[in-house]
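This report refers to the structure that appears directly beneath it.
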Amino acid sequence: MMTDNYDSKILVSGAGSFIGKQLIRHLLSSANNKIVACQRPRSSKLLHGPALVYETADLLDFARQDALFKKHQPDYVFHLAAITRLGPAEENPILAVRTNYFGTKMLADLCIKHSVKSFMAVSSNLAREAESVVGLTKYLSEIYLRNQTGGKCKMVSFRMPNVPGSPGSVTELFKKQLISGGPITITDARMERRFIERDKAAELLSNCMTYSKPGDVFIMANENTNIADLAAEMIKKSGKDIKIRLIGAKAGEKLIEQKYEGDEIIKTGIPGLAVLKNDWQQDKVENALKKLKNKSENHHYDLLMKKLELSLQME
């Protein structure tokens with residue numbers, strides 16, 4: 001029988017995700033933690049242990065999430081559940097806004113209600129000068145969390161870079177294309193992305209939760225990788241004669257993930273990890289809202305956006 005003799009109780013939303021599983025492994029190995037792994041019903045239970053409890057819940061089910069907070073009384077919450085792929089979010093912006101923005105807001109509000117010590121939301125590199133639905137919803141979620149810094153629960157964000165091997169990642173796409181005989185398809189020969197390995201991402205999330213200040217947004221300031229070079233390297237390793245074909249940008253897709261300049265960040269003691277310090281000017285927030293509003297002309301989407309604006313106290 002499980003006892004409550006733990007140093008910390010930690011709830012992880014999106015526990016069945018690629019990063020979620022690795023984060024749980026790290027949290028179980030690094031301290032005497034009880035982990036509440038919260039995921040959707042269709043997710044599989046791949047990890048086991050006396051300190052690990054699985055709970056099923058939809059992110060947007062307030063009553064269920066509230067009941068889980070009451071039941072487990074977590075000290076810390078890591079929020080990973082989200083729509084992260086460009087295509088699905090651009091095709092269904094209503095669901096993306098509900099999931100990425102209002103799902104984050106709801107969990108943050110529950111953390112305040114249930115006296116959680118710290119809340120860590122996984123944001124995205126796409127929040128940098130955002131153009132896509134994913135990037136815009138993640139950026140505005142950061143704003144909401146920063147607006148809650150006056151309370152007792154510490155609200156923190158981490159802009160996750162691309163993770164090789166994750167479902168839908170460019171490396172997985174290239175692997176499938178290599179197996180099928182090609183061609184390898186990329187947007188543009190100049191395209192660049194920033195990457196982080198899964199185990200490193202989990203370690204950094206844990207460290208950022210521990211050493212952060214309220215309202216911190218962590219970013220990776222490591223160098224970009226040219227996607228054409230990555231494709232060429234994977235082709236070389238495969239030993240196959242595979243061609244590269246340029247296909248043009250998808251909706252919301254950037255050519256290059258902009259680098260963070262020295263005056264935009266505060267370096268930490270961890271190589272490549274920094275805290276963002278000046279990405280929340282009023283005009284930037286208003287511009288992000290305008291871009292997100294233009295993603296759909298649906299009446300229900302308009303009402304959702306008005307609700308979003310009110311939650312940011314923009315009206």
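The values are calculated or read from the model by the stated rules, or taken from the named source; none is laboratory data. All figures in this text were calculated on a predicted structure; none of them were measured in a lab. When we count neighbours, we look across all protein chains shown, and the Cβ atoms used for this are built from the backbone with ideal geometry, even at glycine.
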Only unsatisfied item for Ala274, checking (1) outside any strand (DSSP E or B); (2) buried (at least 18 other Cβ atoms within 10 Å of the Cβ), is (1)
So which pairs qualify, if the first residue must be in region 17-35 and closer than 18 Å to Pro164 by Cβ, the second must be hydroxyl-bearing (Ser, Thr, Tyr) and part of a strand (DSSP E or B), the Cβ gap must be under 9 Å, and the two must be at least 6 apart or on different chains? Gly20/Ser13
Kindly indicate whether any position in region 13-33 is assigned to a helix (DSSP H, G or I), touching a Pro at 6+ places or on another chain (Cβ under 7 Å) and under 29 Å from Leu308 (Cβ atoms). yes
State which residue pairs qualify: first residue without any contact (Cβ under 8 Å) to a residue 24 or more places away in the chain and inside region 61-89, second residue among the acidic types (Asp, Glu) and buried (at least 22 other Cβ atoms within 10 Å of the Cβ) in any location, beta carbons under 7 Å apart, and separation of 6 or more residues or different chains. none
If I go through region 77-106 residue by residue, how many of them are in contact with a helix residue (DSSP H, G or I) (Cβ under 7 Å, 6 or more places away or on another chain), among the hydrophobic types (A, V, I, L, M, F, W, C) and in a helix (DSSP H, G or I)? 6
Could you figure out which of (1) surrounded by 18 or more Cβ atoms within 10 Å (Cβ to Cβ); (2) out of contact with any strand residue (DSSP E or B) (no Cβ under 6 Å at 6 or more places or on another chain) isn't true of Ser212? (2)
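Going residue by residue through region 165-182, is there one that turns out to be among the β-branched types (Val, Ile, Thr) and modelled with pLDDT of 95 or more?
Checked region 165-182: no residue is among the β-branched types (Val, Ile, Thr) and modelled with pLDDT of 95 or more.
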Please tell me if Ile184 is out of contact with any Ser or Thr (no Cβ under 9 Å at 6 or more places or on another chain) and crowded, with 18+ Cβ neighbours inside 10 Å. yes
Is it the case that some residue within region 102-124 is at pLDDT below 95 and surrounded by 18 or more Cβ atoms within 10 Å (Cβ to Cβ)? yes
Give Glu297, Glu286, Glu309 a once-over and let me know the one that is assigned to a loop (DSSP other than H, G, I, E, B) and under 23 Å from Phe102 (Cβ atoms). Glu297
Please find, within region 59-76, the residue that is nearest to Ser296 (Cα to Cα) out of those that are out of contact with any Lys or Arg (no Cβ under 9 Å at 6 or more places or on another chain) and either part of a helix (DSSP H, G or I) or not charged (D, E, K, R) (or both). Phe62
